[in-house]
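The structure under discussion appears below in the form of structure tokens.
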Amino acid sequence: MTMTESNTLPQSIELLRKSLLAAYYALLFYFVVNAVLVFGEFRLASAVIWFIQVAPLLIFARGLHRGRLRTYGWVSFAILLYFMHGVLTAFDPERLWLGVVEVVLCTIIFVLLILFIRQYRDHYKVPL
């Protein structure tokens with residue numbers, strides 16, 4: 001079931017969805033900042049590395065905007081890979097704060113995904 005089939009979401013679920021999208025785009029922006037900080041400026045090499053890092057996230061963008069519940073479930077699996085990347089980045093003393101920011105963003109996204117999926121399923125009585 002998508003949001004277009006059900007017209008509009010209840011206000012609490014819609015707030016979760018909007019918060020989730022904000023955190024999702026914050027993670028994409030984080031990778032831009034990360035690429036600039038690592039390379040010193042935004043060049044072609046940093047753009048390529050940025051694209052490689054965010055390509056898996058960009059695959060899900062359309063489904064997230066359309067409100068496809070299955071997409072939200074798959075993003076919850078994919079975000080765990082970014083969480084692991086953030087933990088590994090945090091072990092580098094020079095990039096500690098970049099890793100911590102990535103871990104925090106991933107944790108926020110994961111928690112919002114779980115809350116959204118549960119509330120959506122409870123409200124509409126649909127399987128994932």
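Select from the stretch 16-33 the residues that are exposed (fewer than 15 other Cβ atoms within 10 Å of the Cβ) and either touching a Lys or Arg at 6+ places or on another chain (Cβ under 6 Å) or more than 13 Å from L57 (Cα to Cα) (or both) and list them in ascending order. Within the stretch 16-33, K18, A22, V33 meet the criteria. Specify the residue that is surrounded by the most Cβ atoms within 10 Å (Cβ to Cβ); the eligible residues are those in the stretch 102-128 that are under 13 Å from the mean Cα position of the chain (by Cα) and of a type in the set (V, I, T). The extreme case among them is I109.
Take V87 and tell me if it is out of contact with any Ser or Thr (no Cβ under 8 Å at 6 or more places or on another chain), within 17 Å of A26 (Cα to Cα) and free of Cβ contacts under 8 Å to residues at least 40 places away in the same chain.
Details: out of contact with any Ser or Thr (no Cβ under 8 Å at 6 or more places or on another chain): yes; within 17 Å of A26 (Cα to Cα): no; free of Cβ contacts under 8 Å to residues at least 40 places away in the same chain: yes.
Taking the combined requirement at face value, the residue does not satisfy it.
In the stretch 67-80, the residues that are over 21 Å from V101 (Cβ atoms) reach residues that are aromatic (F, W, Y) with C-beta atoms within less than 8 angstrom, at least six apart or across chains, in these pairs: L69/Y120; T71/F60; Y72/F116; Y72/Y120; W74/F60. Taken over the stretch 6-26, the criterion of being among the hydrophobic types (A, V, I, L, M, F, W, C) and touching a Phe, Trp or Tyr at 6+ places or on another chain (Cβ under 7 Å) is satisfied by I13, L16, L20. Scanning the stretch 83-121 for residues that are closer than 17 Å to L20 by Cβ and not hydrophobic (A, V, I, L, M, F, W, C) turns up E102, T107, R118, Q119, Y120, R121. Inside the stretch 28-56, can you point out the residues that are of a type outside the set (G, A, S) and touching a Phe, Trp or Tyr at 6+ places or on another chain (Cβ under 7 Å)? Once the filter is applied, which keeps residues that are of a type outside the set (G, A, S) and touching a Phe, Trp or Tyr at 6+ places or on another chain (Cβ under 7 Å), the stretch 28-56 yields F31, V32, V36, W50, Q53, V54. Among the residues of the stretch 51-73, some residue qualifies, meaning at least one is surrounded by 14 or more Cβ atoms within 10 Å (Cβ to Cβ), under 17 Å from the mean Cα position of the chain (by Cα) and more than 30 Å from P10 (Cα to Cα). Within the stretch 34-46, being in a helix (DSSP H, G or I) and surrounded by fewer than 13 Cβ atoms within 10 Å (Cβ to Cβ) holds for L44, A45.
Mind checking whether some residue in the stretch 46-58 is touching a Pro at 6+ places or on another chain (Cβ under 8 Å) and of a type outside the set (V, I, T)? Working first, answer last.
At the first step, the residues of the stretch 46-58 found to be touching a Pro at 6+ places or on another chain (Cβ under 8 Å) are none.
No, the stretch 46-58 contains no residue that is touching a Pro at 6+ places or on another chain (Cβ under 8 Å) and of a type outside the set (V, I, T).
Laboratory data are not the source of any read-out in this text; all were calculated from the coordinates shown. Just so it is clear, the structure is predicted and the values come from calculations on it, not from any experiment. FYI the Cβ positions are ideal-geometry reconstructions off the backbone, even for glycines, and counts take in every protein chain you see.
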